[in-house]
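Here is the structure we will look at.
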């Protein structure tokens, strides 16, 4: 399900998962991050910051994604790089946001 959701979203923006340099994921838990990695065939390095935020702060519900985004922004992504921000909500809803650094 996540794979189709992400691929359709990226295709609507004329991109593929290979165009995504950064994955800014809401860390709902270790299993959620592992499921993202498996579904999207992402290396665990793409979820490293999400794991760090989860380890240091736990799952703080909706605001957790903003902590992950802040750390990504502090890592100084290169201009032109794309990021995909993903958050999950109650009742298994999902939101995606495409980011591009300038």
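Rule-based calculations on the coordinates, nothing more; no lab input. All figures in this text were calculated on a predicted structure; none of them were measured in a lab. For neighbour counting, all protein chains shown are included, and Cβ atoms are generated from backbone atoms with ideal geometry for every residue, glycine included.
A few notes on this one:
- Summary of the geometry: the stretch 25-74 and the stretch 85-101, compared by the centres of their Cα atoms, lie 12 Å apart.
- Highest-MSF residue in the chain out of 92, 42, 72 [GNM, Cα springs under 10 Å]: 92
- Kirkwood hydrodynamic radius of the chain, Cα pairs, Å: 13.6
- Of all DSSP bridge pairs formed entirely within the stretch 2-100, close to 60 percent run antiparallel.
- Taking the chain as a Gaussian network of alpha-carbon nodes connected by springs under 10 Å, the highest mean-square fluctuation of the residues 73, 34, 60 belongs to 73.
- Modelled label reach - residue 15, point 7 Å along Cα→Cβ, the stretch 69-102 residues with backbone N closer than 16 Å: 69, 72-73, 77-87, 95-102
- Simple label model, 7 Å out from Cα along Cβ direction - residue 52 to residue 35, nm: 2.5
- Counted over all Cα-Cα pairs of the stretch 1-52, pairs farther apart than 16 Å make up 37 percent.
- Pairwise label distance in nanometres, residue 96 with residue 43, each label 7 Å out on the Cα-Cβ vector: 2.2
- Most mobile of 12, 50, 62 in a GNM of the chain (Cα contacts under 10 Å): 12
- Across the chain, C-alpha contacts under 8 Å between residues 6 or more apart give a mean separation that, scaled by the residue count, equals a relative contact order of 31 percent.
- Proxy reagent accessibility, fewest Cβ within 10 Å first, across 10, 97, 33: 97, 10, 33
- Per-pair calculated FRET efficiency, R0 = 22 Å: residue 62 and residue 82 via Cβ, rounded to 0.05: 0.40
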